[in-house]
Amino acid sequence: MSERTTACEAPWIRMTLDSTAVRATQGKRMKPWIESTHYAGFDWARDHHEVVIVDRQGQIVADFRIEHSWAGWQAFRDKIKSYPALAVAIETNQGAAVDQLLSLDCALYPVNPLSAKSYRERKAPSGNKTDRLDAWSLAEALRLDGQQWKALQPLDPLTQQLQLLCRDEIGLIEQRTALINQLQQALVEYYPAALQAFEDWTQPFCWDFILQFPTPEKLATAGRRRWEKFLHTQGRKPRPNGWNSSRTPVSSAVAPP
């Protein structure tokens, strides 16, 4: 297991982006299923969401897609105003879409992915899969079987805010890891001497090295003295295990392949 490092991304973690949604859930009472007159299936994705709403007889009364944006969620609020006793089924119990739905005046029912798959197969035994079919099957499952389901209750505001911040940090760390992996792969092919110089490429001084010595030729021209000055400025020491003159990045940069 890798050692956890201080998150360089911390200053960029959002603090208030969804705070309105967080505050809106405080003190809310979820309507019981028996009071629902309409049932929505919400098939969520990263950048858009498919929605199908059915009435108590199973007739589709609304069928639309929204973008995952401020304008998209505003459009969703406008469209569901006609259904004040709305219950919503979604195939997750956390995330930005759940946060937004919990802030609305509707009951929210999370569905296990395996259960969602069986509901979809009940509607389409052939195995065809579309976003609209997923949303419709969730809406129908909620209409027919939802009386036994447990509605998702909002967390208290402080816990919601903490959950939001943790999710952002994890997302940013995953993004950083993906970018570092791309950088290291490029260095293997183009600049192996730079890759030899440092072990932990999550540290900003490694990126400073690339900025100061962007090519093997630049590093070789700079020479050993400037390389050591760079280490001293960054408060670093050369890597251990015999980094003599034949093992420095400077000598590696000019060594024949």
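Only the coordinates and a few stated rules stand behind these numbers; no lab work does. Keep in mind that what you see is a predicted model, and the values were worked out from it rather than measured. Because the Cβ atoms are built from the backbone with ideal geometry, glycine has one as well, and the counts that use them run over all protein chains shown.
On full extension, the segment bounded by residue 224 and residue 82 gains 43.8 nm, given 0.36 nm per residue less the C-alpha separation.
So how do 62-70, 177-185, 115-123 stack up, highest first, on mean other-Cβ count within 10 Å? Could the numbers behind the result be given before it?
On the way: 62-70: 14.1, 177-185: 12.2, 115-123: 16.6.
So the peptides 62-70, 177-185, 115-123, ranked by packing, come out 115-123, 62-70, 177-185.
Among 198-206, 138-146, the peptide with the highest mean count of other Cβ atoms within 10 Å heads the list, and the full ranking is 138-146, 198-206. In this Cβ point-charge picture (+1 for Lys and Arg, -1 for Asp and Glu), the range 16-154 has a dipole of about 280 debye about its Cα centre.
Rank-order 85-95, 35-45, 224-234 by packing density, defined as the average count of other C-beta atoms within 10 Å over each peptide's residues, highest first.
On the way: 85-95: 19.3, 35-45: 21.6, 224-234: 13.5.
Taking the mean over residues of other Cβ atoms within 10 Å, the ranking is 35-45, 85-95, 224-234.
A simple spin-label model places pseudo-atoms 7 Å from Cα toward Cβ; at residue 131 and residue 65 they are separated by 0.4 nm.
Excluding same-chain neighbours fewer than eight residues apart, the aspartates and glutamates reachable from residue 229 by a Cα-Cα span under 15 Å are 208.
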